[in-house]
Amino acid sequence: MSAVHLAVSHLRKTYGDIVALDDVSLSVAGHDYVVILGPSGSGKTALLLHRARNEAKRTKDARVLVVCYNVALARVLSRLLDRLCGYEWDEGDRVTVRHLDRIAIEICKHPVIAPNKRQMLEEACSRVNPVRLKLRFEANLLPFLEKEISVWLKGSPDISYDDYRNLRFPSSHVLLSAEEREEIIQVADEYERTKGEAMDWDDVRNQALTKLSQSATQPFPGITAVLVDEYQDFSVSALKLIMELAKPSGYNVFFCGDERQRIYSSNSSFRQLGIEVRGRALTLASNYRNTRQIFEVAAHLTRAIEGNESEGTLSVERIAYPALDGPRPVLAGFYQQEDEIRWISTKVVDLLSEGYLPGEIGILTPNWATQNFCAALLHQNDLAHFILKGESAGRFFDEGAIKLSTYHQAKGLEYKVVFCSGLGSALFRKEFRYSGEEGKALLGSLLYMAVTRARDRLFLSFSGTPLRWLCTLDHSLVEIQEHAAELIVRGQDLLETTALSGGKQAQATLL
């Protein structure tokens, strides 16, 4: 029985009519919402799909909108709904699946998107010359500014420049002086002048929100229900845009998500929508997807890199272990990235000889460069594969090809076998988004999400210096292969030396 069938069967027994869930609606300002929280593999998406079908069956005039953040996930959800509705095509046709940016573009009537946001931000910096910020952030200045402007000055539409100047708490977990905030505002203003009439994605979402709130015209007229998958991925302005879309339905909104899987920088919360979740949402507590051995590795990771425990997130101790057993996950380490990718290719051949289908295997990489390198090696070995992107997501159910994707593109998906590659800290250390306490929590969420994509088999690999959580991983939980043991010992020695000296350099090196 598949993980989805297990989840649906158990939830029916536990909660009765899983597609209605009328008893868990939250009444806020006269409106009803449904909020479903739960860890990875707990059946949230199964609930959402059944709920969408049920809403479509209520009346012949029903029009249901399913919204998610990821382009690839939108296409996969659409295919899953087609399967669920079967021959009930009239019901299936009443459900529309969209990722949020496509909705925003439709509302804004195909705006001109700025071709190179980072370059324009760099030009703005050179003209403003923010001396204090340059001294503080050095090489990380541009990614910091990009994040700060996107999350606070654009992603939070209720925050004005004056509000930002007077924030009483650390912004992006960085305590900024009044002078530094003023420099950020100056750069933001210059960036807007540099950009001119072109729009970045924050502009598109904000303009869509403004147009929708000021117009009686709706992009989805007659909408009767809105369902939101992975709500934690959305910014404040994105969530407010969704609520505007839901107005014609009388705010018949169904949210599902998991704070522990918040893999994008965002300061959003239900409180900003006037919804109090704690103690009022339906929280799912069982994992149906992973084997016990895979779940134990995910649980160790959660304990090692905590940070997202807000709005009703279950502690890992309260999540019910799956009853499924399987082989221990494999951990392999290498001195060179080339050797790591070759090892993955060899393991794929072994799995195919064991009877796994190519389409049951997913290879996750930290960036596009590693992904392309891996694709080239699979091609050399005549292994059918494709890179999972928005335009190729329709092939997700193709059993004849191995799927390659970045960690972020794998969000919301699952495979029988997953390779989590590139777990050497050098690849992640180059990304500013993973620096600082907030960055470590973000990285932990990304890795937790990635590990729990695997249903039966999990392979972890790294080259060079391993991530910190691998250095603390109990070896009884994994099968150690190649040079992993010696590289991990070296990392442990580095951490111990740092602890004795009171320094932080090795902590940063190992993330």
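Using the Karplus relation 6.51 cos²θ - 1.76 cosθ + 1.60 with θ = phi - 60°, the per-residue 3J(HN,Hα) values for segment 355-368 come to x, 5, 7, x, x, 8, 10, x, 10, 9, 10, x, 7, 5 Hz, with x marking Gly and Pro.
So if R0 is 25 Å, what FRET efficiency would Arg193 and Ser215 give, r being the distance between their Cβ atoms, rounded to the nearest 0.05?
Working: r = 28 Å, r/R0 = 1.11.
Using R0 = 25 Å, I get an efficiency of 0.35.
Positive-end ranking of Ala52, Ile294, Gly390 along the dipole of the chain, with charges on Cβ about the Cα centre, is headed by Ala52.
Annotation: amide H of Leu423 within the under-5 Å range of Ser461, Phe462, Ser463, sequence separation 5 or more or interchain, hydrogens built in the peptide plane. Using 0.36 nm per residue and subtracting the Cα-Cα separation, the extra length available between Ala320 and Glu182 on full extension is 44.8 nm. Heavy atoms of the protein chains alone define the surface here; on that basis segment 186-253 has 35 Å² accessible area per residue at 1.4 Å probe size. Between Trp201 and Glu123, the contour length at 0.36 nm per residue exceeds the Cα-Cα span by 26.2 nm. Using a simple spin-label model with pseudo-atoms 7 Å out from Cα toward Cβ, Gln272 and Arg342 lie 4.8 nm apart.
What's the Cα-based Rg to Rh of segment 143-205, Rh via Kirkwood?
On the way: Rg = 11.5 Å, Rh = 12.2 Å.
Across segment 143-205, the Cα-based Rg/Rh ratio is 0.95.
Taking 0.36 nm per intervening residue step and subtracting the Cα-Cα distance, what contour gain separates Asn140 from Asp162 on full extension?
Details: separation 22, 0.36 × 22 = 7.92 nm, distance 2.53 nm.
Residue separation times 0.36 nm, minus the Cα-Cα distance, leaves 5.4 nm.
Among the listed options (1) -0.36, -0.49, -0.62, -0.75; (2) -0.26, -0.35, -0.46, -0.59; (3) -0.29, -0.40, -0.53, -0.67, the one matching log10 I(q)/I(0) by the Debye sum over Cα atoms at q = 0.06, 0.07, 0.08, 0.09 Å⁻¹ as calculated from these coordinates is (3). Working note: Karplus 6.51/-1.76/1.60 with θ = phi - 60° gives segment 178-183 the couplings 4, 5, 5, 4, 5, 5 Hz, where Gly and Pro are set to x.
Among the protein heavy atoms, those of Ile294 account for about 0 Å² of accessible surface (1.4 Å probe, every chain in place). Placing +1 on the Cβ of every Lys and Arg and -1 on the Cβ of every Asp and Glu, with no other charges, gives segment 59-153 a dipole of roughly 360 debye about its Cα centre. A Förster radius of 51 Å combined with the Cβ-Cβ distance from Ser476 to His110 puts the calculated FRET efficiency at roughly 0.35. Based on DSSP H segments of at least four residues, each scored -39500 (n - 2.57), the chain has a per-residue ellipticity at 222 nm of -13000 deg cm²/dmol.
With +1 on each Lys and Arg Cβ and -1 on each Asp and Glu Cβ, how big is the dipole of segment 357-511 about its Cα centre, in debye rounded to the nearest 20? Don't jump to the answer; show the numbers that get you there.
Values: 15 positive and 16 negative charges, 88 e Å.
It comes to approximately 420 debye.
Need one number: % antiparallel among DSSP beta bridges in the chain, to the nearest 5. Walk me through the intermediate numbers first.
Working: 6 of 53 bridges.
DSSP beta bridges in the chain are roughly 10 percent antiparallel.
Between Leu141, Ser213, Ile185, the Cα set farthest toward the positive side of the dipole of segment 136-220 (charges on each charged residue's Cβ, about the Cα centre) is that of Ser213.
Taking the Cα centre of the chain as the origin, how large is its charge dipole in debye, to the nearest 20, when only Lys and Arg (+1) and Asp and Glu (-1) carry charge on their Cβ atoms? Write down the numbers at each step before the final one.
Details: 60 positive and 66 negative charges, 123 e Å.
Here the chain has a charge dipole of around 600 debye.
Distance between the pseudo-spin-label points of Asp61 and Ala376 (7 Å out from Cα toward the beta carbon): 5.9 nm.
The values are calculated or read from the model by the stated rules, or taken from the named source; none is laboratory data. Please read these numbers as outputs of a predicted model, since none were measured by experiment. FYI the Cβ positions are ideal-geometry reconstructions off the backbone, even for glycines, and counts take in every protein chain you see. We work out accessible area using only protein heavy atoms, side chains counted, and drop any ligands, DNA or RNA first. Shrake-Rupley method; radii C 1.70, N 1.55, O 1.52, S 1.80 Å.
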